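FYI, it's all coordinate maths here, none of it is from the lab. Note that the coordinates shown come from a computational prediction; the quantities given were computed from them, not determined experimentally. All Cβ positions, even for glycine, are placed from backbone atoms using ideal geometry, and neighbour counts span all protein chains on display.
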Amino acid sequence: MIDAATRRLVRTRAGNACEYCGLHQVHSPLASLQVEHIISRKHGGEDIGENLALACIDCNLAKGTNIAGIDPVTRKTTELFHPRRQQWDDHFQRVALHIIGKTAVGRTTIEVLRINSDEQVQLRMALEGM
């Protein structure tokens, strides 16, 4: 069980934004951003700050217990982005309304979490007033 102090730590550390797609809590009024396990309990992950990230409902549901996926370019099994061990800017970049993977980790994470789904892109468009 994740205690309230650890939940506050995760939210504060993430700036109240999804650590995968960047959606801020103020832009997700119908669903609170969720504290999620980077490495799921199923795979031995613990309820400690180093294994927790803040995720929007879409990223969290798509990620599930996954810790890896298939890179769409190389077709090789690749680990997903780990917000505690890796820097977002090293693996992703924002280009207009899309988030682009700069590395195998970035591309794989985008695919598994469906970060550029029609819904996600439409939400970004609405937030930017397009």
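Below are the figures for this structure:
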{"quantity": "Candidate lysines for bridging to residue 76, where Cα separation is under 21 Å - those fewer than 8 sequence places away on the same chain excluded", "calculated": "63, 102"}
{"quantity": "Segment 1-39: trypsin sites (Lys or Arg not before Pro) in DSSP loop, at most 10 other beta carbons within 10 Å", "calculated": "none"}
{"quantity": "Fluctuation leader among 67, 38, 110 - the chain, Gaussian network, Cα springs under 10 angstrom", "calculated": "67"}
{"quantity": "Simple label model, 7 Å out from Cα along Cβ direction - residue 118 to residue 87, nm", "calculated": "3.7 nm"}
{"quantity": "Computed [θ] at 222 nm, helices only, for the chain once each DSSP H run of length n ≥ 4 contributes -39500 (n - 2.57)", "calculated": "-8500 deg cm²/dmol"}
{"quantity": "73, 121, 95, 35 arranged by Cβ crowding within 10 Å, fewest neighbours leading", "calculated": "95, 73, 121, 35"}
